[in-house]
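The values are calculated or read from the model by the stated rules, or taken from the named source; none is laboratory data. All figures in this text were calculated on a predicted structure; none of them were measured in a lab. Backbone-built Cβ (ideal geometry, glycine too); neighbour counts: all protein chains shown. Only protein heavy atoms, including side chains, enter the accessible area calculation; ligands, DNA and RNA are left aside. Shrake-Rupley method; radii C 1.70, N 1.55, O 1.52, S 1.80 Å.
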Amino acid sequence: MARVSQEHLDARRRQIIDGASRCFARNGFHATSMQDILREAGLSAGAVYRYFRSKEELIEAIADEAFSGIRAAFEEAARHTPPPTPDVLLGRVLRRMLIEEVPGGDRQAFARLIVQVWTETLRNERLAATLGEGYAGMRLAWAKLVDAYRAGGLMDADVPADHVARTLIATAQGFIAQQALFGDASVEVIEDGLRALMSMQDPKIS
């Protein structure tokens with residue numbers, strides 16, 4: 001029997017995850033069956049169950065991929081001195097999540113999928129652990145960037161780095177919620193808004 005290449009295995013896994021993402025985004029997590037995913041991916045049950053035994057495992061894989069993409073953006077930013085400012089970096093992350101890598105191309109549907117993942121953590125301990133680990137990693141990555149901003153003289157040191165990190169994460173989460181609920185949010189909006197807030201000066205100081 002011919003050995004299946006790793007490239008083939010990775011492509012098949014990608015095919016399954018993309019099909020599941022489209023189903024979840026279109027129909028919702030609980031309304032989607034494994035049969036729906038089989039049809040969307042165009043694969044047999046055996047081919048899919050070789051990689052994922054349940055919808056829960058698929059949603060965990062989707063969440064893990066999202067965090068991997070975010071980590072990659074932070075790692076790239078950390079290679080620059082000084083790193084990109086928060087408006088630029090957050091714009092890059094959101095474009096990657098909601099535009100460049102959206103299965104099916106429907107940004108609002110994919111944002112709704114992200115919100116579904118958040119709510120699913122209330123009943124799924126494994127998924128909650130996955131998101132908890134990802135959230136902790138994002139807080140640490142942002143905190144390191146805050147330290148880099150301060151080292152470059154771009155930010156004062158009077159606020160704990162983790163407080164800045166959690167605020168920026170909350171900004172991204174709020175943007176995703178707006179996209180899911182209203183569908184009228186563009187990445188340029190959050191970039192411009194952050195840039196305007198960053199330009200504020202205390203009149204008492206000036």
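Each row is one residue, and each column tells you yes or no for (1) closer than 29 Å to Glu60 by Cβ; (2) within 15 Å of the chain's Cα centre (by Cα); (3) modelled with pLDDT under 90.
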{"position": "Gln116", "(1), (2), (3)": "yes, yes, yes"}
{"position": "Glu120", "(1), (2), (3)": "yes, no, yes"}
{"position": "Ala151", "(1), (2), (3)": "no, no, yes"}
{"position": "Pro160", "(1), (2), (3)": "no, no, no"}
{"position": "Gly183", "(1), (2), (3)": "yes, no, yes"}
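Tell me the residue from Asp158, Asp184, Asp192 that is more than 28 Å from Ala25 (Cβ to Cβ), out of contact with any strand residue (DSSP E or B) (no Cβ under 8 Å at 6 or more places or on another chain) and among the acidic types (Asp, Glu), please.
Asp158
I'd like the residue in the stretch 57-80 that is of a type in the set (Gly, Ala, Ser) and open to solvent by less than 20 Å² (accessible area, probe 1.4 Å) and, out of all such residues, is farthest from the chain's Cα centre (by Cα).
Per the stated criteria, the residue is Ala77.
Is at least one residue of the stretch 141-154 free of Cβ contacts under 8 Å to residues at least 12 places away in the same chain and either open to solvent by 90 Å² or more (accessible area, probe 1.4 Å) or in contact with a helix residue (DSSP H, G or I) (Cβ under 6 Å, 6 or more places away or on another chain) (or both)?
Within the stretch 141-154 (the criterion being free of Cβ contacts under 8 Å to residues at least 12 places away in the same chain and either open to solvent by 90 Å² or more (accessible area, probe 1.4 Å) or in contact with a helix residue (DSSP H, G or I) (Cβ under 6 Å, 6 or more places away or on another chain) (or both)), the answer is no, since none of the residues qualifies.
Matching residues to (1) open to solvent by 50 Å² or more (accessible area, probe 1.4 Å); (2) of a type in the set (Phe, Trp, Tyr); (3) touching a strand residue (DSSP E or B) at 6+ places or on another chain (Cβ under 6 Å); (4) on the phi < 0 side of the Ramachandran plot:
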residue: Val102; (1), (2), (3), (4): no, no, no, yes
residue: Phe110; (1), (2), (3), (4): no, yes, no, yes
residue: Thr119; (1), (2), (3), (4): yes, no, no, yes
residue: Ala129; (1), (2), (3), (4): yes, no, no, yes
residue: Arg139; (1), (2), (3), (4): yes, no, no, yes
residue: Thr171; (1), (2), (3), (4): no, no, no, yes
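Look through the stretch 89-100, keep the residues that are out of contact with any Lys or Arg (no Cβ under 9 Å at 6 or more places or on another chain) and over 21 Å from Glu60 (Cβ atoms), and return whichever of them is most open to solvent (accessible area, probe 1.4 Å).
Glu100
Given (1) hydroxyl-bearing (Ser, Thr, Tyr); (2) surrounded by fewer than 17 Cβ atoms within 10 Å (Cβ to Cβ); (3) within 30 Å of Trp142 (Cα to Cα), identify the lone condition not met by Ser21.
Just one mismatch for Ser21, condition (2).
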